[in-house]
1. Quick check: anything in region 213-228 part of a helix (DSSP H, G or I), acidic (Asp, Glu) and either in the same structural domain as Ser265 (by TED's automatic domain parsing) or farther than 19 Å from Tyr297 by Cβ (or both)?
2. Hey, among Leu126, Leu98, which residue is touching a residue at least 60 places away in the same chain (Cβ under 8 Å), touching a Leu at 6+ places or on another chain (Cβ under 9 Å) and under 20 Å from Ser160 (Cβ atoms)?
3. Ser90 passes all but one of (1) at pLDDT below 95; (2) more than 24 Å from Ala300 (Cβ to Cβ); which number fails?
4. So which of Asp89, Asp59, Asp81, Asp134 is out of contact with any His (no Cβ under 9 Å at 6 or more places or on another chain), of a type in the set (Asp, Glu) and within 18 Å of Ala174 (Cβ to Cβ)?
5. For a quick check of your reading of the model, give me the residue pairs whose first member lies in region 178-206 and is of a type in the set (Lys, Arg), whose second is part of a helix (DSSP H, G or I), with beta-carbon atoms closer than 6 Å and at least 6 apart or on different chains.
6. Being charged (D, E, K, R), part of a loop (DSSP other than H, G, I, E, B) and surrounded by fewer than 21 Cβ atoms within 10 Å (Cβ to Cβ) is the filter here, so list the residues in region 97-133 that pass it.
7. Name the residue that is surrounded by the most Cβ atoms within 10 Å (Cβ to Cβ), counting only residues in region 254-295 that are acidic (Asp, Glu) and under 29 Å from Thr53 (Cα atoms).
8. Within region 134-145, can you find the residues that are under 19 Å from Ser66 (Cα atoms) and either surrounded by fewer than 21 Cβ atoms within 10 Å (Cβ to Cβ) or within 16 Å of the chain's Cα centre (by Cα) (or both)?
Amino acid sequence: MPEEEEGNREDIEEENETANEEVAEGEEEESTTEGGGSITQEGVGGGVVYTFTFPKGKDIRYVFLSLAQVLNEALFTMSPDGISLRAVDSSKVSLVILNIPSTALEEVNITDTVKVGILFDTVKKLARRIRAKDKVDIGVDRGRNRFLMTIYYGSKGKESGMYRRFYLPIVDVAQEDIPEPKIDYPVRIRMSMDAFRDALTMAEDISDAVTFAADPESFVIKASGEGGRYYEVQYQSTDESFQEFSVSERHEASYSLDYIINMNSQMAPICEYVTIEFATNKPIKLTYEFASGSLTYYVAPRAL
């Protein structure tokens, strides 16, 4: 299928998905005037407005939807260097690290470092309104003390002057010092997202846990369920699904399938590959690289 046709089909599917979405809580303003332009640092009433412009809304749409799968709330750090987040889910099973450098964005208007607390239950409703080719601003209005998202509709983006802008309350989120695990992983596999997603989907039909096993010659994904049900898929190290395959010795570990598949399914549309790192009785580390940045996801192991 030609790339343009596939892109148009994706937009239609996303429009259908958002057509019946309820309006998110918060303030909304809409404009169809010409010369919409970007939000400047001088906001309403002289308040400072900081913004980051994503050239294509697809990235921020799926990043927000993926974060909403595991987090109720989180504290974003916004600075001239970009946007970052480090948070654990409420059950302390998973850790998410997001990094979107300013160099990957179309426009960055910020001079200070600010912390912005966000409720994902609300933000995900806005994210579903974003189409793949929309330009999107996210940021903070210091004057209103609000998180903001501006969606510029149409192929001309900001130049069209057509946008919808949402303001959401900034919430108090406890700031925690969350260190990233220091693990020298003996298994590192960079795998096609399509192949990884298919393997997880099959395992989901069998069990709520998935086991990964790897040695220098192969990689196995398997699941065991009630009534003797069992699923296993094995890949040789030379399989075309792998862009990288580095395994020093045999390792095997099991993880909650819900935690992995919920994150993976939302990141799949913006990632061609996923990097899988694990070790026996150690957290799995999944790294998703997309056009605007990267998301690293750790999940604690389950007993074998």
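1. yes
2. Residue meeting the stated conditions: Leu126.
3. Of the numbered conditions (1) at pLDDT below 95; (2) more than 24 Å from Ala300 (Cβ to Cβ), the odd one out for Ser90 is (2).
4. Exactly one of Asp89, Asp59, Asp81, Asp134 is out of contact with any His (no Cβ under 9 Å at 6 or more places or on another chain), of a type in the set (Asp, Glu) and within 18 Å of Ala174 (Cβ to Cβ), namely Asp89.
5. Arg197/Ala268
6. Hits for region 97-133 are Glu106, Asp112, Arg128, Lys133.
7. Taking the candidates together, the pick is Glu289.
8. If the condition is that a residue be under 19 Å from Ser66 (Cα atoms) and either surrounded by fewer than 21 Cβ atoms within 10 Å (Cβ to Cβ) or within 16 Å of the chain's Cα centre (by Cα) (or both), then Val136, Ile138 are the ones that fit.
The values are calculated or read from the model by the stated rules, or taken from the named source; none is laboratory data. Keep in mind the model is a prediction, meaning the values are calculated, not measured. Cβ atoms come from the backbone with ideal geometry, glycine included; neighbour counts cover every protein chain shown.
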